[in-house]
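Here is the structure we will look at, set down as structure tokens.
No value in this document is a laboratory result; all are computed from the given coordinates. This structure is a prediction, so every number in the text was calculated from the model and none was measured. Cβ placement follows ideal geometry from the backbone for every residue including glycine, while neighbour counts extend to all protein chains displayed.
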Amino acid sequence: MVRASLAGVGVALAAAPLGCFVVWRRMAYFGDATAHASLLGVALALSFSMSIFIGALVVALLMALMVNTLLGRGYAMDTLLGVLAHSALAIGLVAASFLTGVRIDLMAYLLGDIIAVGKTDLVVIWGGAALVLALIWWRWSALLMVTVSEDLAYAGGSDPRREQLVLTIGLALVVAVAIKVVGVLLIAAMLIIPAAAARTFASTPERMALIAAGVGAVSALGGLQIALVADTPAGPTIICVASGLFALSALARTVRIA
């Protein structure tokens, strides 16, 4: 439980600032497509006896770069992301079915297996979280400027395509470290829900990122405790707690407006 708690908090810290940009830039479906593609990376990593983190990271990054390349070439964003997200998930599932001589618990990769996190996994998760936080801290002002206005970013000397690449790399890193905790199907929820819940109480972008990290950490720790007592799957339970916190924030926002 200690290792599982540390893993959940690590993923929450990695996902929080990136999730804020996903919410601000309306990139939720983009996160889904990247996460679904990572299952193919898991299958390939197991086939070639590679690190699952490396396999998931490489394929998630390739998917994100493919989306960036194809956007603006006659495809509507929602259509393109829908096709790529579900295609990647289906290809990953089919590829996993061809694995021979390798035991694979598909549900663990789809819904997470945080209880089975080991010391090596913790090093990977916290190392990935540190990389994501360093990347976002380094490009924070430029990313905010691009999010507010691309024209303003150009005037300030920032290249929107470069900042999009930064977000793409960060998203691929989060996907790779979060597979063990919440699984391929729920990674996007870990990005979006804490950030959306934090939006009600934040007056600045920096405060929203901090509150989102807190919501994510509380969701991870609370979900683990509930899963232990109720004997429910840990990954989905974590997301249920996050959803409950979002519902409370939505209620608070409604009361404030009224």
* Structure fact -> the chain: relative contact order from alpha carbon pairs under 8 Å, six or more residues apart, as a whole percent, is 31
* R0 of 30 Å, Cβ-Cβ distance Ile226-Leu152: FRET efficiency to nearest 0.05 -> 0.10
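State the extension gain, in nm to one decimal, for the chain segment bounded by Thr120 and Arg162, taking 0.36 nm per residue of separation less the distance between their alpha-carbons.
Computed gain between Thr120 and Arg162 is 11.9 nm.
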* Full-extension gain in nm, Ala247 to Ser141, via 0.36 nm per residue minus C-alpha separation -> 35.1 nm
* To do: Quick one: check the C-alpha center-to-center distance for the stretch 49-67 versus the stretch 166-210, whole angstrom.
  => 18
* To do: Name the most mobile residue of Ile192, Ile238, Ile136, meaning the one with the largest mean-square fluctuation, in a Gaussian network model of the chain with Cα contacts below 10 Å.
  => Ile136
* Asked: Arranged from highest to lowest average of other beta-carbon atoms within 10 Å per residue, in what order do the peptides 114-120, 59-65, 200-206 appear?
  -> 59-65, 114-120, 200-206
* Structure fact -> In Å, the C-alpha Rg and Dmax of the stretch 1-86 are 14.8, 49
* Asked: Can you give the calculated 222 nm mean residue ellipticity of the chain, where each DSSP H run of n ≥ 4 adds -39,500 (n - 2.57) and the sum is split over every residue, rounded to the nearest 500 deg cm²/dmol?
  -> -28000 deg cm²/dmol
* Sequence-separation-based contact order of the stretch 145-258, relative, with Cα cut under 8 Å and 6+ spacing, percent -> 22
* Please get the size of the charge dipole for the stretch 134-258, origin at its Cα centre, with Cβ charges of +1 on Lys and Arg and -1 on Asp and Glu, quoted in debye to the nearest 20. => 160
* Evaluated over the stretch 1-151, the Cα radius of gyration and Dmax, each in Å -> 16.7, 54
* **Backbone N within the stretch 209-250 under 20 Å of label point (7 Å from Met107 Cα along the Cβ vector)** => 223-241
* To do: Evaluate the relative contact order of the stretch 1-65 (contact order divided by residue number), counting alpha-carbon pairs under 8 angstrom at least 6 apart; express in whole percent.
  => 27
* Structure fact -> Over all directions, the stretch 129-258 yields a Cα convex hull whose mean projected area in nm² is 9.1
